[in-house]
Amino acid sequence: MYAAEVAKSVERKRVKRGTAQQHLLTSAQQLFEERGYRGTTTKDISEHAGVSENLIFRYFGSKAELFMSAVVNPMLEILSDASERWRTDELYRAAPEEYVIHEFVCKVMSLISGHRGSVKTILSLLIEPPADFDVDIIRSRILALLGELSPSNREYFKQKHLTNSDSDLVLRIAIISVVSNVMLIAASYEDCMQPSSSTVASQLTRFVIGGLLPSMDELA
């Protein structure tokens, strides 16, 4: 049944010359979001895009590189754009830390809510990578993004008299805490009992701030 629907879809599509690469990116993003990395084949993507499967390997080289181009890179670019304000906007950084952290939490929540399937797929690859995917490519790009944030992060902690602990570790814990909570918290509630996004954002903000406060040893 599904194969027949795909065939009809392909028949209806008229891919304009020079647009095949974008069609592949769009189809790959949608299918990886819906089915995950392992559940999506290059044949699925090419049929969905209405182009030859060979074009995937001409433009991207492999399924893994297509996943990076369609899913990972766009998400990291969104985070990089958000971090640019953190690094360069002095008025923003001078605001109360609760406001700054709440803005950060809301941006991460917004990103995940729009790409929940993609985030789940990326996390599954990092935890249990398939044989055809080199997860060090993702790790290296995440490390590059964190590297951009580290100097301004250390400066911010010092300016706000927050924790003197390893600021890079604290940054990682904060990001992982927000991501994991946003991904999993809905599963811990019945549908009718789920708290609103604003409530979750407020509680996560308080949680992150609590982790940034100096310990008794640091205050001593």
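Fewest first, what order do Ile101, Ile122, Ile209 take by the number of other Cβ atoms within 10 Å?
Values: Ile101 19, Ile122 22, Ile209 15.
With the sparsest Cβ surroundings first, the list reads Ile209, Ile101, Ile122.
So the label point goes 7 Å from the Cα of Glu90 along Cα→C-beta, right? Which residues of the range 141-163 then have their backbone N under 14 Å from it?
No residue passes the distance filter.
At a Förster distance of 45 Å, what's the computed FRET efficiency of Thr41 paired with Glu155, Cβ-Cβ distance as r, to 0.05?
0.45
Within straight cross-link reach of Lys158, meaning Cα distance under 14 Å, which aspartates and glutamates are found once same-chain residues fewer than 8 apart are removed?
Glu97, Asp166, Asp168, Glu218
Take each uninterrupted DSSP H stretch in the chain, measure its Cα extent along the helix axis, and return the ones at 18 Å or beyond whose mean Kyte-Doolittle hydropathy is at least 0.5.
Details: long enough: 20-35 (22 Å, -0.78); 73-88 (22 Å, -0.75); 97-114 (26 Å, 0.65); 136-159 (34 Å, -0.30); 167-184 (25 Å, 1.75); 197-212 (22 Å, 0.78).
Those that pass (Cα extent of 18 Å or more, hydropathy at least 0.5) are 97-114, 167-184, 197-212.
Per residue Cα convex hull volume for the range 72-118, in cubic angstrom?
57 Å³
Rounding to the nearest 20 debye, state how big the charge dipole of the chain is about its Cα centre with +1 on each Lys and Arg Cβ and -1 on each Asp and Glu Cβ.
I would put it at about 780 debye.
Quick check: pseudo-label points 7 Å beyond the Cα along Cα→Cβ at Thr199 and Leu143, how many nm apart are they?
4.1 nm
When the Cα atoms of the range 111-155 are enclosed in a convex hull and the volume is divided per residue, what value in Å³ results? All intermediate terms of the calculation are to be shown ahead of the outcome.
Working: hull volume 3.9 nm³, N = 45.
Dividing the Cα hull volume of the range 111-155 by its residue count gives 87 Å³.
Can you give the direction-averaged projected area of the convex hull of the alpha-carbon atoms in the range 135-206, in nm²?
Values: hull surface 25.6 nm².
One quarter of the hull surface, i.e. the mean projection, equals 6.4 nm².
If you line up the Cα atoms of the range 15-133 on their principal axes, what length do they span on each, largest first, in Å?
So the extents along the principal axes, rounded to whole Å, are 53, 35, 20.
What value, in deg cm²/dmol to 500, does the helix sum -39500 (n - 2.57) over DSSP H runs of n ≥ 4 give at 222 nm once divided by the residues of the chain? Provide the component values of the computation, followed by the final result.
Working: 13 runs with 159 residues, N = 220.
Theoretical 222 nm ellipticity from helices: -22500 deg cm²/dmol.
Report the convex hull volume per residue for the range 70-214, counting only C-alpha atoms, in Å³.
119 Å³
Only the coordinates and a few stated rules stand behind these numbers; no lab work does. This is a predicted model, so every value here is computed, not measured. Neighbour counts run over all protein chains shown; Cβ positions are idealised from the backbone, glycine included.
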